[in-house]
1. Say the dipole of the chain comes from +1 at the beta carbon of Lys and Arg and -1 at that of Asp and Glu; which of S89, A75, V1 then lies farthest toward its positive end?
2. What is the helix-to-structure angle for 121-130, meaning the angle in degrees between its Cα long axis and the longest Cα principal axis of the chain, kept from 0 to 90 and rounded to the nearest 10?
3. Quote the charge dipole size of the range 1-42 about the Cα centre in Debye, to the nearest 20; the model charges only the Cβ of Lys and Arg (+1) and of Asp and Glu (-1).
4. Can you check what the net charge comes to around S120, using other residues whose Cβ is under 11 Å from the Cβ of S120 (Lys, Arg +1; Asp, Glu -1)?
5. Full extension from D9 to D100: what is 0.36 nm times the residue separation minus their Cα-Cα distance, to one decimal in nm?
6. Straight-line reach from K41: which aspartates and glutamates fall under 18 Å, measuring Cα to Cα and dropping same-chain residues less than 8 apart?
7. Under a straight-distance cross-link criterion of Cα-Cα below 13 Å, which aspartates and glutamates are reachable from K30, leaving out those fewer than 8 residues away in the same chain?
8. Within 10 Å of each candidate Cβ there may be at most 13 other Cβ atoms; applying that plus a DSSP loop requirement, which GluC sites (Glu not before Pro) in the range 28-110 survive?
Amino acid sequence: VAHPVMFDDDDPFLGRVREIVAELPGTDEKVSHGRPAFFTKKVLAIYGGSLKVDGEWVQHPQSILVLPDPDERQALLDDDRVYLPAYWSPSGWIGVDLDDSTEWAEIAELLDASFRLTASPKLVAELDAAG
């Protein structure tokens, strides 16, 4: 069953995420379940997410799903922009809503952490060598 496309390719927030991920070695993008997914061998981030509230699906189309450092996860969950995405949160993933006040350096740090937790040691070493 094909999933409907759930993003706008011209979305400026998606463009920023793509720019950040492009700086990480060995990454690529594919559409999975209707959303852009960024990966090496494993998924490191997904653009857009959802969660179920009182039996209804609530979409977060302009958000990024990442696997944060476990030591940082609880502090991130205290942030109003952060939510527990359907399907992904039981494995430790979080969603972070993006808007015009987004601190892109923070998003880059979250993507870096997710990369380090999902990429091969060789790719992490390549990232570290690049400085």
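The values are calculated or read from the model by the stated rules, or taken from the named source; none is laboratory data. Note that the structure is predicted; figures quoted are calculated from it, not measured. Here Cβ is always computed from backbone atoms with ideal geometry, including for glycine, and neighbour counts include all displayed protein chains. To get the accessible areas, we keep the full protein, side chains included, count just its heavy atoms, and leave off ligands, DNA and RNA. Shrake-Rupley method; radii C 1.70, N 1.55, O 1.52, S 1.80 Å.
1. Of the listed residues, the answer is V1.
2. 70 degrees
3. Dipole of the range 1-42, to the nearest 20 debye: 320 debye.
4. +3
5. 31.0 nm
6. Candidates past the 8-residue exclusion: E23, D28, E29, D112, E126.
7. D9
8. Counting only loop positions with at most 13 other Cβ atoms within 10 Å, the GluC sites (Glu not before Pro) in the range 28-110 are E103.
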